[in-house]
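A.B. asks: Here it is, the structure, as structure tokens.
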Amino acid sequence: MHSIALQELGINAVYLPFLISEDQLPHLLDAFYLTRVQGFNITLPFKEKIIPFLDTLSEEAKMLQSVNTVKKTEEGWKGYNTDGSGFIRSLAANDISVTGKKVLIIGAGGAAKSIAISIAMVGASEIIILNRSRDKADVLAAMISQISSSTPVSTSTPRAHKIDITINATSVGMKDDSSPLSDDLIKRSEQIIDIIYNPAQTTLLKQAAALSIPRMNGLDMLLYQGVEAFEIWTDRKAPVELMRKSLMASVYPC
Ligand code: NAP
């Protein structure tokens, strides 16, 4: 989606994948500097490990201690994290607002952390985090309380009432057909978001469809974290629809 967007905007650049190993990390930025790379994405398992090699961090990356986008700037290599802002932008593109809403997040890994912090920052009225390893949910809840003291956060199953938005931020359903949510929690959710994008219809989303609960998968989150990265690198507005088409063709080839 990036190369086609660069081409559309007449920018003489390409986006290429590089497979790197941990021992290459210290040399990566020198290699990129010499080859005039202007920016790059970095993904698992190096989102935290790249930080010592960068010169500055955006506020969001500093808060998360996780970087997925790097740009060459006058101050050197600057790290950003577009996962949370991309997620919020994907909601806006689908007319979903979390402001004033009670949000249940399943998971407490990297994606859940970005999402929970962004949701707290845009004014969710309450956040509940449920995770297989409860201690990780507690750590994330404490982090959110520190960042946004006005947002109530809890880590135990909510009592029987409605949940405005439920988000699956675990990998459950990605490689198997299990669902991360009990029937009760599904039924109590007004809206269900599964950030998994492949398969497009997870078991959770199929359960939501059977109950006519509005739902969304993670493709737009993937799209918009890329859109945000593109805009950071180029200081130009990204051709979103073109990027979406390209992304869909590669994620869901016929
Ligand atoms: P991660 O840091 O490894 O976290 C994985 C999370 O899933 C943890 O909360 C983990 O619980 C939970 N989990 C894993 N297996 C489980 C199981 N069998 N039962 C219950 N919980 C389980 O991974 P991540 O980066 O946050 O990614 C999570 C998912 O989000 C992945 O499917 C990934 O593809 C997707 N994702 C999508 C986008 C997008 O753009 N749409 C972006 C990022 C991630 P424990 O803490 O107990 O291990």
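A.B. asks: Taking a label point 7 Å from the Cα of ALA13 along the Cα→Cβ vector, which residues of the range 53-70 have an amide N closer than 11 Å to it?
C.D. replies: 70
A.B. asks: Related question: Which of the residue pairs LYS72/LYS102; LYS72/LYS136; LYS136/LYS187; LYS71/LYS113 have a Cα-Cα distance greater than 28 Å in the structure shown?
C.D. replies: LYS72/LYS102; LYS72/LYS136, as the Cα separations exceed 28 Å there.
A.B. asks: Amide H of ILE195: which non-local residues (sequence gap of 5 or more, or other chain) have their own amide H closer than 5 Å, using H built in the peptide plane?
C.D. replies: ASN168
A.B. asks: Along the range 119-124, what does the Karplus equation 6.51 cos²θ - 1.76 cosθ + 1.60 (θ = phi - 60°) give for ³J(HN,Hα), rounded to whole Hz, x for Gly and Pro?
C.D. replies: These are the phi-based 3J(HN,Hα) values: 5, 5, 6, 9, x, 4 Hz.
A.B. asks: Cross-link candidates for LYS245: which lysines have Cα within less than 23 Å, leaving aside residues fewer than 8 places away along the same chain?
C.D. replies: LYS245 reaches LYS237.
A.B. asks: Averaging the inverse of every distinct alpha carbon separation and then flipping it gives the Kirkwood radius. What is it for the chain, in angstrom units?
C.D. replies: Mean inverse Cα-Cα distance, inverted, gives 19.1 Å.
A.B. asks: Using just the helices of the chain, give the 222 nm mean residue ellipticity in deg cm²/dmol: DSSP H runs with n ≥ 4 each add -39,500 (n - 2.57), and the total is spread over all residues, rounded to 500.
C.D. replies: -11500 deg cm²/dmol, from helical runs alone.
A.B. asks: Can you run the Rg to Rh ratio on the range 62-192? Use alpha carbon positions and the Kirkwood inverse-distance Rh.
C.D. replies: My calculation of the ratio gives 0.99.
A.B. asks: Could you check which residue among THR35, THR155, THR166 shows the biggest mean-square fluctuation in a GNM of the chain with a 10 Å Cα cutoff?
C.D. replies: Among THR35, THR155, THR166, the largest mean-square fluctuation in the Gaussian network model of the chain belongs to THR35.
A.B. asks: If you don't mind, another one. Identify all aspartates and glutamates with a Cα-Cα distance to LYS78 below 18 Å; exclude those on the same chain that are fewer than 8 residues away in sequence.
C.D. replies: Counting by Cα, and skipping residues close in sequence, LYS78 has these aspartates and glutamates nearby: ASP30, GLU48, ASP55, GLU59, GLU60, GLU228, GLU231, ASP235.
A.B. asks: Dimensions of the range 120-251 along principal axes (Cα, Å, largest first)?
C.D. replies: Each principal axis gives a Cα extent; for the range 120-251 these are 44, 37, 24 Å.
None of the figures in this text is laboratory data; all of them are computed from the coordinates on show. Note that this is a predicted model, so its numbers are computed, not measured. Methodologically, a virtual Cβ is constructed for each residue, glycine included, from the backbone with ideal geometry; neighbour enumeration extends over all protein chains shown.
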